[in-house]
Every structure is written in C-alpha cells, then in structure tokens.
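Below is one structure, written out as structure tokens, with a few remarks after it.
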Amino acid sequence: MFDKILIANRGEIALRINRACKEMGIATVAVHSTADADAMHVRLADESVCIGPPPAAQSYLNIPAIISACEITGAQAIHPGYGFLSENARFAEIVKEHSIAFIGPDPAHIRLMGDKIAAKQAVKEVGIPTVPGSDGAVGSDLDAAQIAEGIGYPVLIKATAGGGGRGMKVAQKPSDLSLALTTARAEAKTAFGNDAVYMEKYLQKPRHIEVQVLADATGRVIHLGERDCSLQRRHQKVWEEAGSPALNAAQREEIGGVVTHALEKLGYLGAGTVEFLYEDGHFYFIEMNTRLQVEHPVSEAITGIDIVREQIRIASGAPLEIEQKDVTFSGHSIECRINAENAFTFQPSPGLITQFHTPGGLGVRFDSAIYSGYRIPPYYDSLAGKLIVHGRSRNECLMRLRRALDELVVGGVETTIPLFQMLVREHDILNGDYNIHWLEHFLAKKGA
Ligand code: ADP
C-alpha cells in the first residue's frame, strides 16, 4: 500500500479523497493555486505545494508542476479526482513514466472512452446496447441528411470530443439539419479544438441512468447498482438518486450484469461509470466516465462501500475484497448539488461566505470545502457542497432531505438551496415521475 498520495484537485473532492487516505493511514499532499492558499483542502492535507497562479490552465492543469510536487514530496501515487486532469490519458501516461502510480484506469481506456465514436463502437462489440446513430463521424451535409433519414427525425448532433453537454444540437426535422450541424461543429471547435460530430436518434423522454463499477487487476468486475441523474439543466446534473425510481431489483441486476460482463471483456481497471439513456424499458449507452464522479456518494450510501478507498486499493494492486454477491443494496439515497449560483438563473455567485451551518442527524452527509469566512474564488466551478441523504425508503429519504435542506445555511452568496426546497415538494419528484427534460420545463414555468 502507498505511504503518501498527492491529490491533484481542489474543493470538496480533494477533501473527500483526503478523508479516504486518512482512514487508510496514508499521508497526503495537497496542491493548490495562489487563489487557494487558504482553502480547506490545503489545511487538511499533511503537506501542500503551490503549483501556479489562479487560472486552472496554469495550476490544476499544469502537468510539470504537479509531477514536480510529487517528486519533491515523495508521493507514490496521484489521485486526480474528477474534472481537471482526471480524463487526460496523456497525463496518466506521464504519471506512469515517472514511476508514480495513477489512481485510475489504464491510459488506453481513458483515451478510448474519451473518443465518443470509438467508445460507442467498443462497447457495442462487448454487448452493451447503444443509441441508433451514424457509424462514425458525419461528413458532408448531404451525407448527414441521408443518415438522418435512415435514423428518423428528430436527431441529435453530438461532438466526438464532447463533454459537459457542449457541442450538442437537436434537429427536429430535415430543414433544421444544416443549422444544427453548423452550430454543433462551431461549438465543438471552440470547446474541444475538434469539430468532428456524429449523429444519434434523439430520444424524446428518456431518463439518465448510470451504472457504477469497480474492477481490479485480477480481472474481477463488480457493480454497485445504478444512479438516476435525470434531473438536469443544460445537460448538467443537479440531483442524483440511488436507486432509480424507474428500476426494480431484477432490472438493476440485469443491466449491472451486462455492464460488468462487458468491462471484464475490455479488461477495464479501477472505478468507472457507464451512462445510459433509458426509455420504454430499453437502455442506450451514451458514454463511459473513466473516473470518480461527483455523484458517487449516493452509491456509497446504499452499498456501504467507500469507492475512493477501493480506487486506492485497486491502484496499489490489491484485489477487491468483495464479490458481487457481497454487494447489498439498502434503502435509498439522494444528492443535491449546492452550487454558489442563483437558484433559477444559475448565474455564478462567488464571494465571501458570511454564515455557514451544515445539517446533521441520522442519514445526512454534507461533502464540502467551504467554511464561514471563506471566499469562493471566481476561477473554478460553482459547486459549493453536496448534500447527501439516506433513508430506509425513498419516502423517508425525501422527508429527511426536506428537513436537512431547511437546516442548511449558506450566507453571503446565492445558492441553489431554494430550488431544491421547491423540488422536494413537487408532486412529480415525490412520485419519481420525471425524465431528462422535466427540470428545464419546470424552470421555464417558473420564468427562469
Ligand atoms: P456529455 O459528455 O457532453 O455530457 P453525454 O453523451 O453524456 O454528453 O450526454 C449528456 C446528456 O445529453 C444526457 O444525459 C442527456 O440528457 C442528453 N443526451 C445525450 N444523448 C442523447 C440522445 N441521443 N437523445 C436525447 N438526449 C440525449
């Protein structure tokens, strides 16, 4: 096992990883930009190294500075968290070239899943169902028109290098296609420096359901059930649940089995998430995330398994301690992303936290790196904390979430708390009756 791990991230996820390390008796190294010198992740780590000025490109994405920090402190492994360098295959390779362990999958798998077309093809070959669509990148507008006719309208144009919902455009009918292609290509070029796009059937009212997996070096792959992340705004997740209100235990076992079997065939290593759209009883693969996800705590809540601890154990070469039959699912869990932004316009609201009180009690977890007197810097994402609630049933979980939201106080900045206070009282949410468009419609009705 490692003696010392460098955490190449900031915010709540850096604290989350620090916690797992501490519980395993592993020393930690934080890295930070000059804007984060007072940050909680720096205070709680055993050592810290400043890696550059505030812009992420010069600090949290600065590979030479991170490798140097590792070498100076003698850390044996790097945990990349999510975002930043977590899905950068070249980074994972460089880490390994320096004889440092990368806490994540093989760089080849990161690269494969980072190319959406290649990923779709690869998973299809190992038995994962995919969305009907173009076989690869679409060429001329004329070719695209033919492919779209074959798939049937409406169609969705997606960036091959996509991420974060950018470079995605719907064409409802043939006359929309040309503009959708042009705008998707332009967006993809700006966001990813790559204007290749592909086409998929646009599903009208799907849910977003994803399966969490863990795979070790002996080739064992287990799943920790599914998460329902259908409540989204601009393709960004806002609220996540485990399990999905739409699946029963048999359906969970079935999709979990398909996924674990496929990843065994691919020889996958580490933690990962296979994302699907789910409509009319069918699953359609959309992408695989080769890293820890923001919403991992809801799976931890219902299985009792510490996913970060397992990631670290796997990276050290240890086999999984558990088999699939040992994974049991207990109760229900919901996570709300508390962002420092206006609850309805989603305008970022960085600044000084003047008051801060976290809810407590049975089944309540609050993962955050903020504190009273902390100033949220304007340079990074707006996630201020994650409220994760667990209950024996979905109903108990919702009632607990309602009271936990009422206890939570974050003063000085605007937050998304008022949105969640409304959502936990909405009929459709209480019934689990929503799809990926529900939140957009709700916000439109509220005039947001
Ligand atoms: P990104 O990597 O940009 O996040 P994804 O492929 O994961 O892109 O898709 C993000 C979201 O976009 C999904 O959760 C879903 O809401 C929507 N989406 C993606 N593909 C489709 C599709 N074929 N039909 C309808 N909605 C889709």
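Some points to look at:
- Criterion: open to solvent by less than 50 Å² (accessible area, probe 1.4 Å), in a helix (DSSP H, G or I) and farther than 23 Å from Ala108 by Cα - qualifying residue of His41, His32: His41
- Screening Glu71 with (1) within 18 Å of Met288 (Cα to Cα); (2) more than 16 Å from the ligand (Cβ to nearest atom) gives one miss only, at (1).
- Against the conditions (1) within 15 Å of the ligand (Cβ to nearest atom); (2) open to solvent by 10 Å² or more (accessible area, probe 1.4 Å), Pro174 satisfies every one except (1).
- Criterion applied to Ala369, Ala343, Ala318 was being more than 16 Å from the ligand (Cβ to nearest atom), buried (at least 23 other Cβ atoms within 10 Å of the Cβ), over 17 Å from the mean Cα position of the chain (by Cα) and not acidic (Asp, Glu), and the one residue passing it is Ala369.
- Positions within segment 132-143 being buried (at least 22 other Cβ atoms within 10 Å of the Cβ) and either within 11 Å of the ligand (Cβ to nearest atom) or β-branched (Val, Ile, Thr) (or both), in sequence order: Gly133, Val138
- Long-range neighbours under 9 Å by Cβ, at least six apart or interchain, first residue at pLDDT 95 or above and assigned to a loop (DSSP other than H, G, I, E, B) within segment 198-226, second acidic (Asp, Glu) and surrounded by 20 or more Cβ atoms within 10 Å (Cβ to Cβ): Asp216/Glu310
- So Ile338, is it assigned to a strand (DSSP E or B) and either open to solvent by less than 10 Å² (accessible area, probe 1.4 Å) or more than 17 Å from Gly81 (Cα to Cα) (or both): yes
- Leading residue by the ranking (nearest to Asn194 (Cα to Cα)) among those in segment 131-157 that are of a type in the set (Gly, Ala, Ser) and in contact (Cβ under 8 Å) with a residue 24 or more places away in the chain: Ala137
- Test set (1) in contact with a helix residue (DSSP H, G or I) (Cβ under 8 Å, 6 or more places away or on another chain); (2) over 24 Å from Phe356 (Cβ atoms) - Glu396 fails condition number: (1)
Residue by residue, here is whether (1) more than 16 Å from the ligand (Cβ to nearest atom); (2) among the hydroxyl-bearing types (Ser, Thr, Tyr) holds:
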position	(1), (2)
Glu275	no, no
His282	no, no
Glu287	no, no
His296	yes, no
Ser299	yes, yes
Ile305	yes, no
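- Pick from segment 50-104, criterion among the hydroxyl-bearing types (Ser, Thr, Tyr) and on the phi < 0 side of the Ramachandran plot, ranking: surrounded by the most Cβ atoms within 10 Å (Cβ to Cβ): Tyr60
- Given (1) within 16 Å of the ligand (Cβ to nearest atom); (2) among the polar types (S, T, N, Q); (3) under 30 Å from Pro53 (Cβ atoms), number of the condition Asn435 does not satisfy: (3)
- Failed criterion for Ala118 (all others in (1) more than 21 Å from His208 (Cβ to Cβ); (2) open to solvent by less than 30 Å² (accessible area, probe 1.4 Å); (3) within 15 Å of the ligand (Cβ to nearest atom) hold): (2)
- Annotation: of all residues in segment 230-251 being open to solvent by less than 10 Å² (accessible area, probe 1.4 Å) and of a type outside the set (A, V, I, L, M, F, W, C), the one that is farthest from the ligand (Cβ to nearest atom) is Gly243.
- Scanning segment 367-380 turns up one or more residues that are touching a His at 6+ places or on another chain (Cβ under 8 Å) and touching a residue at least 40 places away in the same chain (Cβ under 8 Å).
- Count - residues of segment 163-197 that are of a type in the set (Gly, Ala, Ser) and assigned to a strand (DSSP E or B): 1
- The residue that is farthest from the ligand (Cβ to nearest atom), counting only those in segment 189-221 that are touching an Asp or Glu at 6+ places or on another chain (Cβ under 7 Å) and under 20 Å from Ser330 (Cβ atoms), is Leu214.
- Positions within segment 108-140 being small (Gly, Ala, Ser), part of a loop (DSSP other than H, G, I, E, B) and at negative phi, in sequence order: Ser134, Gly136, Ala137, Gly139, Ser140
- Filtered residue count, segment 74-105, keeping only those that are closer than 23 Å to Val294 by Cβ and acidic (Asp, Glu): 1
- Within segment 151-159, not a single residue is open to solvent by less than 10 Å² (accessible area, probe 1.4 Å) and more than 11 Å from the ligand (Cβ to nearest atom).
- Residue under evaluation Gln146, criteria (1) open to solvent by 30 Å² or more (accessible area, probe 1.4 Å); (2) within 15 Å of the ligand (Cβ to nearest atom); (3) not aromatic (Phe, Trp, Tyr), criterion not met: (2)
The values are calculated or read from the model by the stated rules, or taken from the named source; none is laboratory data. These figures come from a predicted structure and were not determined experimentally. Heads up, the Cβs are rebuilt from the backbone with ideal geometry, glycines too, and the neighbour counts pull from every protein chain shown. Each accessible area value is taken on the protein alone, full model and side chains, heavy atoms only, with ligands, DNA and RNA left out. Shrake-Rupley method; radii C 1.70, N 1.55, O 1.52, S 1.80 Å.
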